[in-house]
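Worksheet for the structure shown next.
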Amino acid sequence: MVEVPDEVHTARVADLFDLVADSYDNLGVPFFGPIAERLVDAVEPQPGARALDIGCGRGAVLFRLAEAVGSSGEVTGIDLAPRMVAVTAHEARARGLTNVHLQVMDAMRPSLPCGHYDVVTASFMLFFLPDPAAALTAWRSLLVPHGTVGVSTFGGWDPRWEELDDLFAPYRDARFFPVDPRDPDGPFGTDAAVESLMRTAGLVHERTTAFDLDLAFDDPGQWYSWTRSHGQRMLWDSIPEAERDQVRDAALERVEGWREGSGRVVTRHKIRLTLAERP
Ligand SMILES: C[S@@+](CC[C@H](N)C(=O)[O-])C[C@H]1O[C@@H](n2cnc3c(N)ncnc32)[C@H](O)[C@@H]1O
(Lines give C-alpha, C1' and ligand atoms only; values in the text may rest on other atoms or scores of the structure.)
Protein backbone atom coordinates (compact mmCIF):
# COMPACT_ATOMS: atom_id res chain seq x y z
CA MET A 1 0.00 0.00 0.00
CA VAL A 2 1.35 3.44 -0.95
CA GLU A 3 2.03 5.75 2.01
CA VAL A 4 0.52 9.17 1.33
CA PRO A 5 0.15 12.04 3.84
CA ASP A 6 -3.48 12.37 4.96
CA GLU A 7 -3.81 15.90 3.60
CA VAL A 8 -2.65 14.82 0.11
CA HIS A 9 -5.10 11.91 0.16
CA THR A 10 -7.93 14.19 1.32
CA ALA A 11 -7.23 16.74 -1.43
CA ARG A 12 -7.23 14.03 -4.09
CA VAL A 13 -10.55 12.59 -2.92
CA ALA A 14 -12.10 16.08 -2.88
CA ASP A 15 -10.84 16.73 -6.45
CA LEU A 16 -12.16 13.36 -7.64
CA PHE A 17 -15.68 13.96 -6.31
CA ASP A 18 -15.69 17.57 -7.51
CA LEU A 19 -14.95 16.22 -10.98
CA VAL A 20 -17.87 13.77 -10.97
CA ALA A 21 -20.38 15.89 -9.00
CA ASP A 22 -22.65 16.63 -11.99
CA SER A 23 -23.00 13.07 -13.30
CA TYR A 24 -22.83 11.34 -9.88
CA ASP A 25 -25.96 9.24 -9.21
CA ASN A 26 -27.54 11.01 -12.17
CA LEU A 27 -27.24 8.54 -15.06
CA GLY A 28 -30.43 6.55 -14.55
CA VAL A 29 -28.64 3.60 -12.88
CA PRO A 30 -30.24 2.94 -9.48
CA PHE A 31 -27.48 2.13 -7.00
CA PHE A 32 -26.84 4.77 -4.33
CA GLY A 33 -30.59 5.47 -4.02
CA PRO A 34 -31.74 1.93 -3.14
CA ILE A 35 -28.85 1.60 -0.68
CA ALA A 36 -29.77 4.93 0.93
CA GLU A 37 -33.38 3.81 1.24
CA ARG A 38 -32.37 0.68 3.16
CA LEU A 39 -29.93 2.61 5.35
CA VAL A 40 -32.49 5.26 6.29
CA ASP A 41 -35.06 2.54 7.08
CA ALA A 42 -32.49 0.79 9.26
CA VAL A 43 -31.54 3.84 11.39
CA GLU A 44 -35.25 4.63 11.94
CA PRO A 45 -35.16 8.45 12.11
CA GLN A 46 -38.21 9.73 13.97
CA PRO A 47 -40.26 12.79 13.01
CA GLY A 48 -38.61 15.81 14.66
CA ALA A 49 -35.20 14.09 14.95
CA ARG A 50 -31.83 15.69 14.22
CA ALA A 51 -29.83 13.76 11.65
CA LEU A 52 -26.33 14.12 10.22
CA ASP A 53 -25.29 12.57 6.88
CA ILE A 54 -21.52 12.32 6.46
CA GLY A 55 -20.07 12.26 2.94
CA CYS A 56 -23.53 13.20 1.68
CA GLY A 57 -22.59 13.40 -2.01
CA ARG A 58 -25.65 14.28 -4.11
CA GLY A 59 -28.02 13.64 -1.21
CA ALA A 60 -29.14 10.02 -1.70
CA VAL A 61 -29.39 9.60 2.08
CA LEU A 62 -29.77 13.26 3.01
CA PHE A 63 -33.06 13.85 1.20
CA ARG A 64 -34.55 10.60 2.48
CA LEU A 65 -33.58 11.59 6.03
CA ALA A 66 -35.22 14.99 5.48
CA GLU A 67 -38.44 13.27 4.46
CA ALA A 68 -38.33 10.98 7.50
CA VAL A 69 -37.70 13.68 10.13
CA GLY A 70 -40.17 16.08 8.53
CA SER A 71 -40.38 19.85 8.90
CA SER A 72 -40.00 19.69 12.70
CA GLY A 73 -36.69 17.85 12.33
CA GLU A 74 -33.33 18.99 11.08
CA VAL A 75 -30.84 17.40 8.68
CA THR A 76 -27.19 18.35 8.17
CA GLY A 77 -25.06 17.03 5.32
CA ILE A 78 -21.30 17.37 5.16
CA ASP A 79 -18.95 16.47 2.33
CA LEU A 80 -15.34 17.11 1.47
CA ALA A 81 -16.02 18.06 -2.16
CA PRO A 82 -17.18 21.69 -2.52
CA ARG A 83 -18.97 21.04 -5.82
CA MET A 84 -20.90 18.10 -4.36
CA VAL A 85 -22.03 20.40 -1.54
CA ALA A 86 -22.90 23.23 -3.95
CA VAL A 87 -25.09 21.12 -6.27
CA THR A 88 -26.78 19.32 -3.37
CA ALA A 89 -27.47 22.62 -1.56
CA HIS A 90 -28.95 23.93 -4.81
CA GLU A 91 -31.23 20.90 -4.99
CA ALA A 92 -32.28 21.30 -1.34
CA ARG A 93 -33.32 24.89 -2.11
CA ALA A 94 -35.11 23.77 -5.28
CA ARG A 95 -37.05 21.23 -3.21
CA GLY A 96 -37.98 24.02 -0.76
CA LEU A 97 -36.30 22.24 2.16
CA THR A 98 -35.50 24.85 4.81
CA ASN A 99 -34.41 22.33 7.45
CA VAL A 100 -31.55 20.85 5.38
CA HIS A 101 -28.11 22.37 5.95
CA LEU A 102 -24.97 21.59 3.95
CA GLN A 103 -21.35 22.29 4.73
CA VAL A 104 -17.97 21.50 3.20
CA MET A 105 -16.25 19.58 5.98
CA ASP A 106 -13.78 16.76 6.49
CA ALA A 107 -15.42 13.72 8.10
CA MET A 108 -12.18 13.09 10.01
CA ARG A 109 -12.54 16.42 11.82
CA PRO A 110 -16.22 17.34 12.01
CA SER A 111 -16.67 20.73 13.61
CA LEU A 112 -20.28 20.24 14.73
CA PRO A 113 -22.12 20.35 18.09
CA CYS A 114 -21.41 17.43 20.44
CA GLY A 115 -24.28 15.32 21.77
CA HIS A 116 -26.66 16.85 19.22
CA TYR A 117 -27.67 14.23 16.64
CA ASP A 118 -30.14 11.40 17.08
CA VAL A 119 -28.86 9.70 13.94
CA VAL A 120 -25.57 9.78 12.02
CA THR A 121 -25.29 8.08 8.61
CA ALA A 122 -22.41 7.51 6.18
CA SER A 123 -23.25 5.65 3.00
CA PHE A 124 -20.42 4.27 0.86
CA MET A 125 -17.84 6.67 2.19
CA LEU A 126 -16.07 5.12 5.21
CA PHE A 127 -13.46 3.37 3.03
CA PHE A 128 -12.23 6.71 1.65
CA LEU A 129 -11.08 7.81 5.12
CA PRO A 130 -7.45 7.55 6.29
CA ASP A 131 -8.54 6.29 9.73
CA PRO A 132 -12.14 4.99 9.82
CA ALA A 133 -12.04 4.06 13.53
CA ALA A 134 -10.82 7.56 14.48
CA ALA A 135 -13.59 9.07 12.33
CA LEU A 136 -16.24 6.88 14.00
CA THR A 137 -14.87 7.94 17.40
CA ALA A 138 -15.35 11.59 16.43
CA TRP A 139 -18.87 10.85 15.13
CA ARG A 140 -19.79 9.05 18.36
CA SER A 141 -19.33 12.27 20.32
CA LEU A 142 -21.77 14.07 17.99
CA LEU A 143 -24.57 11.64 18.89
CA VAL A 144 -26.99 12.00 21.79
CA PRO A 145 -26.74 9.13 24.31
CA HIS A 146 -28.29 6.04 22.67
CA GLY A 147 -28.21 7.81 19.30
CA THR A 148 -27.64 5.56 16.26
CA VAL A 149 -24.89 5.50 13.67
CA GLY A 150 -25.42 3.55 10.44
CA VAL A 151 -22.95 2.97 7.61
CA SER A 152 -23.16 1.10 4.32
CA THR A 153 -20.24 -0.71 2.69
CA PHE A 154 -19.74 -3.41 0.06
CA GLY A 155 -20.47 -6.85 1.49
CA GLY A 156 -19.44 -8.63 -1.71
CA TRP A 157 -18.85 -8.02 -5.40
CA ASP A 158 -20.39 -9.81 -8.32
CA PRO A 159 -17.54 -12.18 -9.24
CA ARG A 160 -17.72 -11.03 -12.85
CA TRP A 161 -16.23 -7.64 -11.89
CA GLU A 162 -13.09 -9.54 -10.91
CA GLU A 163 -12.71 -10.51 -14.58
CA LEU A 164 -11.64 -6.88 -15.11
CA ASP A 165 -9.09 -6.75 -12.28
CA ASP A 166 -6.09 -7.66 -14.42
CA LEU A 167 -6.87 -4.78 -16.81
CA PHE A 168 -6.71 -2.18 -14.04
CA ALA A 169 -4.10 -3.82 -11.81
CA PRO A 170 -1.06 -2.23 -13.48
CA TYR A 171 -2.52 1.25 -12.91
CA ARG A 172 -4.44 0.87 -9.63
CA ASP A 173 -3.82 3.98 -7.60
CA ALA A 174 -3.87 2.99 -3.93
CA ARG A 175 -3.84 6.62 -2.84
CA PHE A 176 -7.62 6.91 -3.13
CA PHE A 177 -8.32 3.99 -0.81
CA PRO A 178 -5.95 4.07 2.19
CA VAL A 179 -7.15 0.52 2.83
CA ASP A 180 -8.39 -1.85 0.13
CA PRO A 181 -12.17 -2.23 0.68
CA ARG A 182 -12.01 -5.64 -1.02
CA ASP A 183 -9.20 -7.06 1.14
CA PRO A 184 -10.86 -10.01 2.96
CA ASP A 185 -8.47 -9.43 5.88
CA GLY A 186 -8.97 -5.66 5.94
CA PRO A 187 -11.34 -3.49 8.01
CA PHE A 188 -14.14 -3.87 5.41
CA GLY A 189 -13.50 -7.51 4.54
CA THR A 190 -16.14 -9.04 6.83
CA ASP A 191 -19.19 -8.07 8.88
CA ALA A 192 -17.17 -8.74 12.04
CA ALA A 193 -14.37 -6.41 10.91
CA VAL A 194 -16.73 -3.47 10.39
CA GLU A 195 -18.44 -4.21 13.71
CA SER A 196 -15.01 -4.21 15.33
CA LEU A 197 -14.40 -0.67 13.96
CA MET A 198 -17.61 0.36 15.75
CA ARG A 199 -16.44 -1.16 19.04
CA THR A 200 -13.00 0.44 18.72
CA ALA A 201 -14.82 3.77 18.40
CA GLY A 202 -16.61 3.17 21.70
CA LEU A 203 -19.96 2.40 20.08
CA VAL A 204 -22.15 -0.45 21.37
CA HIS A 205 -24.92 -2.80 20.21
CA GLU A 206 -23.17 -3.17 16.85
CA ARG A 207 -25.11 -5.24 14.34
CA THR A 208 -25.13 -6.06 10.62
CA THR A 209 -27.72 -6.67 7.96
CA ALA A 210 -27.06 -7.34 4.30
CA PHE A 211 -29.03 -7.49 1.10
CA ASP A 212 -28.44 -8.21 -2.58
CA LEU A 213 -28.66 -5.37 -5.04
CA ASP A 214 -28.96 -5.84 -8.79
CA LEU A 215 -27.01 -3.23 -10.68
CA ALA A 216 -28.54 -2.99 -14.15
CA PHE A 217 -27.21 -1.26 -17.26
CA ASP A 218 -28.98 -0.83 -20.60
CA ASP A 219 -25.76 -1.84 -22.37
CA PRO A 220 -21.97 -1.91 -21.89
CA GLY A 221 -21.76 1.77 -22.91
CA GLN A 222 -23.92 2.75 -19.95
CA TRP A 223 -21.76 0.55 -17.72
CA TYR A 224 -18.71 2.53 -18.89
CA SER A 225 -20.35 5.94 -18.32
CA TRP A 226 -21.51 4.85 -14.88
CA THR A 227 -18.04 3.71 -13.81
CA ARG A 228 -16.77 7.18 -14.73
CA SER A 229 -19.43 8.96 -12.66
CA HIS A 230 -18.31 8.05 -9.12
CA GLY A 231 -15.31 6.78 -7.14
CA GLN A 232 -14.35 4.27 -9.86
CA ARG A 233 -13.44 7.24 -12.06
CA MET A 234 -10.08 7.11 -10.29
CA LEU A 235 -9.40 3.75 -11.96
CA TRP A 236 -9.85 5.26 -15.42
CA ASP A 237 -7.93 8.42 -14.63
CA SER A 238 -4.99 6.46 -13.19
CA ILE A 239 -4.38 5.03 -16.67
CA PRO A 240 -2.03 7.14 -18.80
CA GLU A 241 -4.07 8.89 -21.48
CA ALA A 242 -2.23 7.13 -24.29
CA GLU A 243 -3.36 3.71 -22.98
CA ARG A 244 -6.85 4.60 -21.75
CA ASP A 245 -8.81 3.85 -24.96
CA GLN A 246 -7.13 0.47 -25.29
CA VAL A 247 -8.00 -0.52 -21.69
CA ARG A 248 -11.56 0.78 -22.14
CA ASP A 249 -12.05 -1.26 -25.32
CA ALA A 250 -10.70 -4.41 -23.64
CA ALA A 251 -13.04 -3.86 -20.65
CA LEU A 252 -16.04 -3.22 -22.92
CA GLU A 253 -15.33 -6.40 -24.85
CA ARG A 254 -15.49 -8.41 -21.61
CA VAL A 255 -18.62 -6.60 -20.36
CA GLU A 256 -20.21 -7.34 -23.75
CA GLY A 257 -19.99 -11.00 -22.70
CA TRP A 258 -22.10 -10.28 -19.59
CA ARG A 259 -25.17 -9.26 -21.61
CA GLU A 260 -28.41 -11.08 -20.84
CA GLY A 261 -30.86 -12.21 -23.53
CA SER A 262 -32.53 -8.78 -23.31
CA GLY A 263 -29.20 -7.11 -24.08
CA ARG A 264 -28.97 -5.62 -20.63
CA VAL A 265 -26.03 -6.10 -18.30
CA VAL A 266 -27.09 -6.98 -14.75
CA THR A 267 -24.61 -7.64 -11.96
CA ARG A 268 -25.46 -8.52 -8.37
CA HIS A 269 -23.69 -7.11 -5.33
CA LYS A 270 -24.08 -7.68 -1.62
CA ILE A 271 -24.55 -4.50 0.39
CA ARG A 272 -23.72 -4.42 4.07
CA LEU A 273 -25.36 -2.12 6.62
CA THR A 274 -23.63 -1.81 9.98
CA LEU A 275 -25.39 -0.09 12.87
CA ALA A 276 -24.30 0.79 16.41
CA GLU A 277 -25.20 3.16 19.20
CA ARG A 278 -23.58 5.65 21.50
CA PRO A 279 -23.71 4.22 25.06
C1 LIG B 1 -19.27 7.17 -3.02
S2 LIG B 1 -19.74 8.79 -2.50
C3 LIG B 1 -21.19 8.49 -1.46
C4 LIG B 1 -22.10 9.70 -1.41
C5 LIG B 1 -23.43 9.46 -0.74
N6 LIG B 1 -23.28 9.10 0.65
C7 LIG B 1 -24.24 8.42 -1.49
O8 LIG B 1 -24.55 7.37 -0.88
O9 LIG B 1 -24.54 8.64 -2.67
C10 LIG B 1 -18.53 9.20 -1.26
C11 LIG B 1 -18.67 10.63 -0.79
O12 LIG B 1 -17.84 10.80 0.37
C13 LIG B 1 -17.21 12.05 0.29
N14 LIG B 1 -16.00 12.00 1.11
C15 LIG B 1 -14.89 11.26 0.91
N16 LIG B 1 -13.99 11.50 1.88
C17 LIG B 1 -14.56 12.41 2.72
C18 LIG B 1 -14.13 13.07 3.90
N19 LIG B 1 -12.91 12.86 4.41
N20 LIG B 1 -14.96 13.94 4.49
C21 LIG B 1 -16.20 14.18 3.97
N22 LIG B 1 -16.65 13.60 2.86
C23 LIG B 1 -15.85 12.73 2.22
C24 LIG B 1 -16.93 12.24 -1.20
O25 LIG B 1 -16.68 13.59 -1.53
C26 LIG B 1 -18.20 11.67 -1.81
O27 LIG B 1 -19.19 12.65 -1.99
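The values are calculated or read from the model by the stated rules, or taken from the named source; none is laboratory data. Note that the structure is a prediction, hence the values are computed from the model and not measured. All Cβ positions, even for glycine, are placed from backbone atoms using ideal geometry, and neighbour counts span all protein chains on display. Heads up: the accessible areas ignore ligands, DNA and RNA and are worked out on the full protein's heavy atoms, side chains in. Shrake-Rupley method; radii C 1.70, N 1.55, O 1.52, S 1.80 Å.
Summary table
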| quantity | calculated |
| --- | --- |
| Semi-axes of the equivalent ellipsoid for the chain, Cα gyration tensor, largest first, Å | 31, 20, 19 |
| Positive-end extreme of charge dipole, the chain - chosen from Thr227, Val40, Ala251 (charges on Cβ) | Val40 |
| Only Lys, Arg (+1) and Asp, Glu (-1) charged, at Cβ; the chain dipole about Cα centre in debye | 780 |
| Accessible area of the chain divided out per residue, in Å², using a probe of 1.4 angstrom | 44 |
| Check: the stretch 78-188 dipole with +1 on Lys, Arg Cβ and -1 on Asp, Glu Cβ, in debye | 640 |
| DSSP-defined antiparallel bridges as percent of all bridges, the chain, nearest 5 | 50 |
| The chain, accessible surface, carbon-and-sulfur percent (1.4 angstrom probe) | 48 |
| Distant-in-sequence amide H partners of Tyr117 (H built 1.01 Å from N, under 5 Å) | Leu143, Val144 |
| Debye equation applied to the C-alpha atoms of the stretch 1-91, log10 I(q)/I(0) at 0.11, 0.18 Å⁻¹ | -0.36, -0.84 |
| Packing-based order for 193-206, 132-145, using average beta carbon neighbours within 10 Å, highest first | 132-145, 193-206 |
| Values of log10 I(q)/I(0), in the order q = 0.19 Å⁻¹, for the stretch 213-279 under a Debye, Cα-only, solvent-free model | -0.82 |
